[in-house]
1. So if I take the centroid of the Cα atoms in region 384-460 and the same for region 164-231, what is the distance between those two points in Å?
2. Would you list E65, E48 from the most to the least accessible area, probe 1.4 Å?
3. Loop-only GluC sites (Glu not before Pro) in region 126-202, please: DSSP not H, G, I, E or B, and at most 13 other Cβ atoms within 10 Å.
4. Could you put S494, S211 in order of accessible surface area, largest first, with the 1.4 Å probe and the full protein assembly present?
5. Work through the residues other than V571 whose Cβ is under 10 Å from its Cβ and net out their charges, Lys, Arg +1 and Asp, Glu -1.
6. What is the sum of charges around R586, taking Lys and Arg as +1, Asp and Glu as -1, for the other residues whose C-beta is under 10 Å from the C-beta of R586?
7. Please list, in chain and number order, the residues 5+ apart from G414 or on another chain whose amide H is under 5 Å from its amide H, with Hs placed from the backbone.
8. Ignoring ligands, DNA and RNA, what percent of the accessible area of the chain is carbon or sulfur (1.4 Å)?
Amino acid sequence: MKVVKRDGTIVDFDRMKIVRALRKANDAVEPEECASEEQIESIVCYVEKKQRSRLLVEDIQDIVECKLMEFGKFALAKAYIIYRYNRALVRKANTTDESILTLIKNSNKDVMEENSNKNAVMAATQRDLIAGEVSKDLTKRMLLPEHISKAHEEGAIHFHDADYFLQPIFNCCLINIGDMLDNGTVMNGKLIESPKSFQVACTIMTQIIASVACSQYGGQSVDVSHLGKYLRYSYNKFKNHFKEVLGDSASDEEIERLTQDRLKEELRAGVQTIQYQINTLMTTNGQSPFVTLFLNLKEDDEYLPENAMIVEEILRQRLQGIKNEMGVYVTPAFPKLIYVLDEHNCLKGGKYDYITRLAVKCSAKRMYPDYISAKKMRENYEGNVFSCMGCRSFLSPWKDENGNYKFEGRFNQGVVSINLPQIALIAKGDEEKFWKLLDERLQICFEALMCRHNALKGVKSDISPVHWQYGAIARLDKGETIDKYLVGGYSTISLGYIGIYEMTKVMKGVSHTDPAGKEFALKVMRRLNQACKDWKAQTGIGFALYGTPAESLCYRFARIDKERFGSIEDVTDKGYYTNSYHVDVREKMDAFTKFKFESEFQDISTGGMISYVEIPNMRHNLEALEEVVRFIYDNIQYAEFNTKSDYCHVCGWDGEIIINDDNEWECPNCGNKDHARMTVTRRTCGYLGENFWNVGKTKEIKARVLHL
């Protein structure tokens, strides 16, 4: 039997701890009130006979108190309660020593693997993680109601980002970059005026991105179409310069040629600034800014020709990659790229198909961009096309006082996820019990989400001037509260979910790809969506259903449930739960069928979703990839490719790096086994950076990879 301690760690059940505690309690009461050794043994045996694979330490102590009452040992029960209370005071005095010290010693595996974009061995990152441990501790003990903390510890729900909950900051946003560039902004108390050239605009944009990242904990997205105006500024500046310098000595054609040459240099330098700045800056979160660039060529855009040039250059530079410390071009983790497919670039003879073909090449070699279908998105969001936030959550349509839709300058307040497989495992196929328990768990999620909302109420704009005073979200006065942006649907707050596949397997005995399973799975999805609508109607807050890009949460929920329910085939035995509504990775389904199937779930999960297909190295079969991209445009809103993008830095091999018979990484081309001189990248688990040895020097990738 395992026992879950208050700090979340799991230890073997030790009967002597109960015995010692009761003996100490005996010392505090009169002899006639003491429990006999036989009674103590009876209590311990009663706990053992529970035969639970997993018990919270509080549950054990509750059992002890009840048994003492049954024996009529009321004074002893009181002494035991006082003993528990005193121990609680000791714990409250200091509860983070162990977790922080193990973090410094690089042995706190759970914390080190929680965020795959952070290198937890670096001192700068450890400062953020140490602060996170303090925040999680205070959140669990003092800031959250006890029943919510308990639900989180038991894996019924997951209260995301507890390591930042101590501070009144939010999750992710769409930066209002257009307003900040056009009307100026302020950073570190310094006025930044509207730029007059493309190069300067790119520099200012990256500084804004870094500043925003330091005062929120989630991702951010930037629509690069706002840069088109500044590329035209540069064009006009260069053209006027050459006219002034050359006068009548050069023809209009010669001046245009010189202008275009100079503009291309400016374009390359500006995009390079974005790419290198983002990848070399480190925020207070201990990582590069978690940013997505939104590449949308809008037909009604006044600066469409310039923005087409910018998008093309961004893709060219991403295709090339960035040199690592060995001088080898590798795939950078950031910025993420999202490319919008529309009528003029969906590979059906459109004017900008050539850019989409470049995007496909980039996906094949560098994993990005992801793809949004403008056609499908307009169907789901009242005719609008906009970026998801950096964490892949989507905003609901919202109109300002003039009836105009607005998406940029809005944000997400936070996320709480529900463990659907656990509900199914408790219900054991009983649908009446399942729906009753689902509603109970949803109520806990609602209360937890309201804790997030209430933590932001009354917060003043001074908490993050770049967000609230200087345009990233708003332009409030100093000392003004942010409350009006928390209600009315301006911002969202998200209900996440895990394990539609495993839930369906338990309840129906089949996958949700089976017709019988699909009907049940969609019914559950609609119930989750309806809960968000009901909460919004009740509170006026923009609740949304979010297909959580869960990373380590898929493993945490599965680990907790395996300890509690045992190893269940195709459910807990895998060591992970399938993310959101995704088809399990082991099901044989072609890309077209998978996207078509999952699109039905995307239509319900309007607060955030992503679908992907696993593909082999497709660099020499781009036509097949282009066919899938055409299919995306007509059939699914948001999709990505999970490609294998390995690289040997010794011989330049860019096929798959293998695991040999000795369980070592090995280049199949040259035999290189030096892991420091190879890049092994997978996207199944969401990890986007280069992998490296874990602290135990075992053959393990930092991110847990389902392929292996």
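1. 26 Å
2. Most to least solvent-accessible, the answer reads E48, E65.
3. E193
4. On the way: S494 0, S211 35 Å².
These residues rank, largest area first, as S211, S494.
5. -2
6. Residues near R586 contribute -1 overall.
7. Answer set, sorted by chain and number: N171, S494.
8. Summing carbon and sulfur atoms, their accessible area is 49 percent of the total for the chain.
The values are calculated or read from the model by the stated rules, or taken from the named source; none is laboratory data. None of these values were measured; they are calculated from a predicted model. Ideal geometry is used to build each Cβ from the backbone, glycine not excepted, and the neighbour counts take in all protein chains shown. Ligands, DNA and RNA are stripped out before the accessible areas are found, and what is left, the full protein with its side chains, is counted by its heavy atoms. Shrake-Rupley method; radii C 1.70, N 1.55, O 1.52, S 1.80 Å.
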